[in-house]
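Engineer: To start, I am sharing the structure in question, which I have written as structure tokens.
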Amino acid sequence: MLSGSYLMVITDRECVGSYLGHPIFKVSSLKVFPCDHSLKNSPTEQKKMETEFSGLLNIAERTPGLYFSYETNLTLSAQRLHDLGDESKLLPLWRQAEPRFLWNNYMLEGLIDSKLDPYLLPIVQGSFHHFQAAIGKDIIDVTLIARRCTRRNGTRMWRRGADSDGYVANFVETEQIMHLNGFTASFVQVRGSIPLLWEQIVDLTYKPKFELVRLEESPRVAERHFLDLRKKYGAVLAVDLVNTHGGEGRLSEKFANAMQHIVSDDLRYWHFDFHHICGHVHFERLSILYEQIVDFLDRNGYLLLNEKGEKMKEQLGVVRTNCIDCLDRTNVTQSMIARNMLEGQLRRLGIFAAEETISSHPNLDECFKILWANHGDDISIQYSGTAALKGDFVRCGKRTMQGIAKDGINALLRYYFNNFVDGTKQDAIDLLQGHYIVSVSRDMTPSSQKGGLEAVASFPLALSFVLTGFFFATLSLRQVRYDLRHLFFSVIWAGLSVAIAAFVRANGRIFCNRPRLHKPRC
């Protein structure tokens, strides 16, 4: 940064399991240290700017969901690891890594230039959970690992859609790995924002308008996105779960129109209106979707290795699922697909009979539900700041009143984070990922000094004024029967409350936590 380099150190770790026989660690804490103190002799303005940037690094210290291994490459799926050539397997881990999922890719550049291979530790952001359960005399081990893409990394409202290169927000590769009697099976799914140029600018409304940008480029952006997916995964089935009406419907219509130009034998598009078909409680109706896509799943399969590590079967394609956030509806749907695939794997190995299901084994069923519920919460926290909605269905197999109430609280928390927290968090992510480069030579105008009302304006303050106004309006109304003058005071208080609320709505940018970084790297 302005005063030189900073070092981010993992100060605590926790072993959370193993990936293909290798120990996996979760980062428990991070600490940022300045490598020199030349800022002491810097101009006042430069010190001020450095303080702002170092504040963003303090936020980065709280980055959730970071995992690493000293022995294997977490950025690669089991199938890609198996297909690595002998020469590639001898390379340092960072050189084997998939750049899309290498969370600390930008931070390693200085160490790479200095050829400090022993210190180059690949880190992924995502999720890692596993369980063991008994099926009769057999013990099954199931691992679920998620890898977040760093190309368009960010928070929910601040990173939407795709960029001009086709990289989408909240792109996550999820791999379910099963070990049983020496056999290993791996099944990969992906999720990602609708691959068009669109955004939702936070403006204090609960659900800001969807705004499509440069519509004429939509087919090209979608084509780039799916061309990249086909190179990496083979055939692709894009499952779109958004509504057919309102803002979601218009966005889905543009997505479908863009897909018409690029669908082929190995690229299919399928729309499934999740809310219309499943409502808010009947998620078992996802079986309708499964029947519609089962031919693709059967044809493209999964990776299966025998006791000797030899490939018996490989995955030839991937299901790409999206809703608007690619969180709640997406996680419910992916867990349903993964459940059916695991049952198919167990039938292939002769563990399950033709009609036997995971639900037939209560302990296995409970462990599987918890596995996917925890996975959904992790991905949701990293993108939206809260646990996943509809998580009670994934965790319990049905909607519950407690789950619905929890969803309501999390929805309000998401609103708060979107408007008043995530702007600064997005700045920290952009700084860490190298999307914004700090340079002494750059014209860095400090944050403008706010004066007048804007200097003290904040959402909690505005909310307190509104609630106070309505409180006194209510008190005055209760006194009207004793003195009609209180009717006048009641109208005044109510009017003030409405005026303040309208001002906040019209001037949302004053209260919203807007990012301060500009001139991105890419």
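The values are calculated or read from the model by the stated rules, or taken from the named source; none is laboratory data. Quick caveat, the model's predicted, so the values are computed rather than measured. So basically every Cβ, Gly included, is an ideal-geometry build from the backbone, and we count neighbours across all protein chains shown. The protein model used for the area step is the full one, side chains on, heavy atoms only, and it has no ligands, DNA or RNA in it. Shrake-Rupley method; radii C 1.70, N 1.55, O 1.52, S 1.80 Å.
Engineer: How many residues does segment 408-435 contain that are in a helix (DSSP H, G or I), within 30 Å of Met1 (Cβ to Cβ) and aliphatic (A, V, I, L, M)?
Structural biologist: Going through segment 408-435, the residues in a helix (DSSP H, G or I) turn out to be 408-420, 422-433.
Imposing the further condition that a residue be within 30 Å of Met1 (Cβ to Cβ) reduces the set to 416-420, 422-433.
Those still in the list that are aliphatic (A, V, I, L, M) too: 428-429, 431-432.
Qualifying residue count, segment 408-435: 4.
Engineer: For segment 308-337, how many residues meet the condition of being within 15 Å of the chain's Cα centre (by Cα) and part of a loop (DSSP other than H, G, I, E, B)? Step through it out loud before you land on a result.
Structural biologist: Going through segment 308-337, the residues within 15 Å of the chain's Cα centre (by Cα) turn out to be 320-332, 334.
Right, trim to part of a loop (DSSP other than H, G, I, E, B) and you get 323-327.
Selection size over segment 308-337: 5.
Engineer: So, Tyr6, is that one open to solvent by less than 40 Å² (accessible area, probe 1.4 Å) and aromatic (Phe, Trp, Tyr) or not?
Structural biologist: For Tyr6, the condition - open to solvent by less than 40 Å² (accessible area, probe 1.4 Å) and aromatic (Phe, Trp, Tyr) - is not met.
Engineer: Name every residue in segment 286-303 that is acidic (Asp, Glu) and within 19 Å of Arg329 (Cβ to Cβ), in order of residue number.
Structural biologist: Pass one, segment 286-303, residues acidic (Asp, Glu): 291, 295, 298.
Selection gives Glu291 alone.
Engineer: Would it be correct to say that His271 is of a type outside the set (S, T, N, Q) and modelled with pLDDT of 95 or more? Step through it out loud before you land on a result.
Structural biologist: On the way: of a type outside the set (S, T, N, Q): yes; modelled with pLDDT of 95 or more: yes.
When the stated conditions are applied, His271 passes them.
Okay, residues lined up against (1) more than 29 Å from Leu286 (Cβ to Cβ); (2) out of contact with any helix residue (DSSP H, G or I) (no Cβ under 9 Å at 6 or more places or on another chain):
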position	(1), (2)
Asp203	yes, no
Phe210	no, no
Glu216	yes, yes
Leu229	no, yes
Gly234	no, no
Val239	no, no
Val242	no, no
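So that you can scan it fast, the table gives a plain yes or no per residue for (1) among the basic types (Lys, Arg); (2) touching a Phe, Trp or Tyr at 6+ places or on another chain (Cβ under 7 Å):
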site: Ile177; (1), (2): no, no
site: Thr184; (1), (2): no, no
site: Tyr206; (1), (2): no, yes
site: Glu211; (1), (2): no, yes
site: Glu217; (1), (2): no, no
site: Phe226; (1), (2): no, no
site: Lys232; (1), (2): yes, no
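Engineer: OK, next. Which members of segment 58-78 meet the condition of being in a helix (DSSP H, G or I) and either basic (Lys, Arg) or open to solvent by 10 Å² or more (accessible area, probe 1.4 Å) (or both)?
Structural biologist: Taking segment 58-78 and keeping what is in a helix (DSSP H, G or I), we get 58-60, 78.
Matches in segment 58-78: Asn58, Ile59.
Engineer: Of everything in segment 30-46, what is touching a helix residue (DSSP H, G or I) at 6+ places or on another chain (Cβ under 6 Å) and either in a loop (DSSP other than H, G, I, E, B) or not β-branched (Val, Ile, Thr) (or both)? Give them in sequence order. Give the steps one after another, and end with the answer.
Structural biologist: The initial filter retains those residues of segment 30-46 that are touching a helix residue (DSSP H, G or I) at 6+ places or on another chain (Cβ under 6 Å), namely 32, 39.
Leu39, the sole residue that qualifies.
Engineer: Filter segment 345-358 down to the residues that are assigned to a helix (DSSP H, G or I) and touching a residue at least 12 places away in the same chain (Cβ under 8 Å), then identify the one that is most open to solvent (accessible area, probe 1.4 Å). It would help to see each step written out before you state the result.
Structural biologist: As a first pass, look at segment 345-358 and keep what is assigned to a helix (DSSP H, G or I): 345-348, 358.
With the extra rule that they be touching a residue at least 12 places away in the same chain (Cβ under 8 Å), the set shrinks to 345-346, 348, 358.
Working: Gln345: 5, Leu346: 0, Arg348: 118, Ile358: 0 Å².
Per the criteria, the residue is Arg348.
Engineer: Which one is surrounded by the most Cβ atoms within 10 Å (Cβ to Cβ), of the residues in segment 33-57 that are aliphatic (A, V, I, L, M) and more than 24 Å from the chain's Cα centre (by Cα)?
Structural biologist: Initial filter on segment 33-57 (aliphatic (A, V, I, L, M)): 39, 49, 56-57.
Okay, now just the ones that are also more than 24 Å from the chain's Cα centre (by Cα), so 39, 49.
On the way: Leu39: 18, Met49: 21.
Ranking the candidates gives Met49 first.
Engineer: When you go through Arg395, Arg414 one by one, which is the residue that is at pLDDT below 80 and of a type in the set (D, E, K, R)?
Structural biologist: Working: Arg414 fails: at pLDDT below 80.
From the options Arg395, Arg414, the qualifying one is Arg395.
Engineer: If Ile140 satisfies every condition in (1) open to solvent by 20 Å² or more (accessible area, probe 1.4 Å); (2) part of a strand (DSSP E or B); (3) not charged (D, E, K, R) but one, which is the exception?
Structural biologist: The failed condition is (1).
Engineer: Next up: Any idea which of (1) more than 30 Å from Leu215 (Cα to Cα); (2) within 24 Å of the chain's Cα centre (by Cα) is the one Val239 doesn't satisfy?
Structural biologist: (1)
Engineer: Scan segment 79-137 residue by residue and report those that are assigned to a loop (DSSP other than H, G, I, E, B) and open to solvent by less than 50 Å² (accessible area, probe 1.4 Å).
Structural biologist: Leu84, Gly85, Pro92, Ala97, Glu98, Leu102, Trp103, Asn104, Leu108, Leu120, Leu121, Pro122
Engineer: In segment 149-186, what count of residues is obtained for those that are touching a helix residue (DSSP H, G or I) at 6+ places or on another chain (Cβ under 8 Å), open to solvent by 10 Å² or more (accessible area, probe 1.4 Å) and part of a strand (DSSP E or B)?
Structural biologist: The number of residues fulfilling the criteria is 1.
Engineer: Can you tell me how many residues in segment 370-407 are part of a helix (DSSP H, G or I) and open to solvent by 40 Å² or more (accessible area, probe 1.4 Å)?
Structural biologist: 10
Engineer: For segment 280-292, which residues satisfy the criterion of being surrounded by fewer than 18 Cβ atoms within 10 Å (Cβ to Cβ), more than 17 Å from Thr244 (Cβ to Cβ) and of a type outside the set (D, E, K, R)?
Structural biologist: Here is the first cut: in segment 280-292, the ones surrounded by fewer than 18 Cβ atoms within 10 Å (Cβ to Cβ) are 280-282, 284-285, 287-288, 290-292.
Still in the running and more than 17 Å from Thr244 (Cβ to Cβ): 281-282, 284, 287, 290-291.
Passing the criteria: Val281, His282, Ser287, Tyr290.
Engineer: Right, here's the next one. Give Met312, Met336 a once-over and let me know the one that is hydrophobic (A, V, I, L, M, F, W, C), open to solvent by 10 Å² or more (accessible area, probe 1.4 Å) and closer than 30 Å to Thr155 by Cβ. Write out each step before concluding.
Structural biologist: Numbers: Met312 fails: closer than 30 Å to Thr155 by Cβ.
So the residue among Met312, Met336 that is hydrophobic (A, V, I, L, M, F, W, C), open to solvent by 10 Å² or more (accessible area, probe 1.4 Å) and closer than 30 Å to Thr155 by Cβ is Met336.
Engineer: Among the residues of segment 2-15, is any modelled with pLDDT under 90, touching a helix residue (DSSP H, G or I) at 6+ places or on another chain (Cβ under 7 Å) and assigned to a helix (DSSP H, G or I)?
Structural biologist: no
Engineer: Okay, moving on. Restricted to segment 240-279, and to residues that are over 20 Å from Asn300 (Cβ atoms) and among the β-branched types (Val, Ile, Thr), which residue is surrounded by the most Cβ atoms within 10 Å (Cβ to Cβ)?
Structural biologist: Val242
Engineer: Conditions first: (1) open to solvent by 10 Å² or more (accessible area, probe 1.4 Å); (2) part of a helix (DSSP H, G or I); (3) over 26 Å from Arg339 (Cβ atoms). Asp295 passes all but one, so which condition is the exception?
Structural biologist: Just one mismatch for Asp295, condition (3).
Engineer: Would it be correct to say that Val281 is within 20 Å of Gly161 (Cα to Cα) and among the β-branched types (Val, Ile, Thr)?
Structural biologist: Numbers: within 20 Å of Gly161 (Cα to Cα): no; among the β-branched types (Val, Ile, Thr): yes.
It is false that Val281 is within 20 Å of Gly161 (Cα to Cα) and among the β-branched types (Val, Ile, Thr).
Engineer: I'd like the residue in segment 19-32 that is in contact with a strand residue (DSSP E or B) (Cβ under 8 Å, 6 or more places away or on another chain) and touching a residue at least 40 places away in the same chain (Cβ under 8 Å) and, out of all such residues, is surrounded by the fewest Cβ atoms within 10 Å (Cβ to Cβ).
Structural biologist: Here is the first cut: in segment 19-32, the residues in contact with a strand residue (DSSP E or B) (Cβ under 8 Å, 6 or more places away or on another chain) are 19-20, 23-32.
Those left that are additionally touching a residue at least 40 places away in the same chain (Cβ under 8 Å): 19-20, 23-27.
Details: Tyr19: 22, Leu20: 20, Pro23: 13, Ile24: 23, Phe25: 21, Lys26: 17, Val27: 19.
Here the answer is Pro23.
Engineer: Just to be sure, is Leu237 in a helix (DSSP H, G or I), at pLDDT 95 or above and among the hydrophobic types (A, V, I, L, M, F, W, C)?
Structural biologist: No: the conditions fail for Leu237.
One line per residue, one yes/no per condition, for (1) in contact (Cβ under 8 Å) with a residue 60 or more places away in the chain; (2) over 30 Å from Asp228 (Cβ atoms):
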site: Cys278; (1), (2): no, yes
site: Phe283; (1), (2): yes, yes
site: Asp298; (1), (2): no, no
site: Leu303; (1), (2): yes, no
site: Gly317; (1), (2): yes, no
